[in-house]
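The structure appears below as structure tokens.
Laboratory data are not the source of any read-out in this text; all were calculated from the coordinates shown. Owing to the predicted nature of the structure, the values given are computational and were not obtained by experimental measurement. Every residue, glycine as well, gets a Cβ built from its backbone with ideal geometry; the counts of neighbours run over all protein chains shown.
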Amino acid sequence: MAVQQSMVMRSMQAKKNAALAAIAVSIARQKNDVLYHKLKKYRKLWKDTKNQIVQKYGSAATQKWAQNQSKG
């Protein structure tokens, strides 16, 4: 599966918000917070569901990707 990267630069505010969120999650993990465990649970459910979708529709997605690549 191809990885895409955005060519749009994030603003300083967006970078700050991302850093604050990462630090807050890190602190929650260190303090063994219930909300962190909830975050992990739902992140795992999201990843599992996404993997199921990719497994089900992966071949169709590959064909569509190849068509888009051949268009130029």
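Observations on the structure shown:
- Counting only Cβ charges, +1 for Lys and Arg and -1 for Asp and Glu, the dipole size of the chain around its Cα centre is about 160 debye.
- Extended-chain gain in nm, criterion 0.36 nm per residue less alpha-carbon gap, residue 14 and residue 60: 13.1 nm
- Cα lying deepest toward the dipole's positive end in the chain, options 35, 57, 68, charges on Cβ: 35
- Candidate values [x] 15.7; [y] 17.5; [z] 12.1, label of the one derived for Kirkwood radius over Cα pairs in Å: [x]
- Under 19 Å from residue 50, Cα to Cα: lysines that are on another chain or at least 8 residues apart: 38, 40, 41, 64
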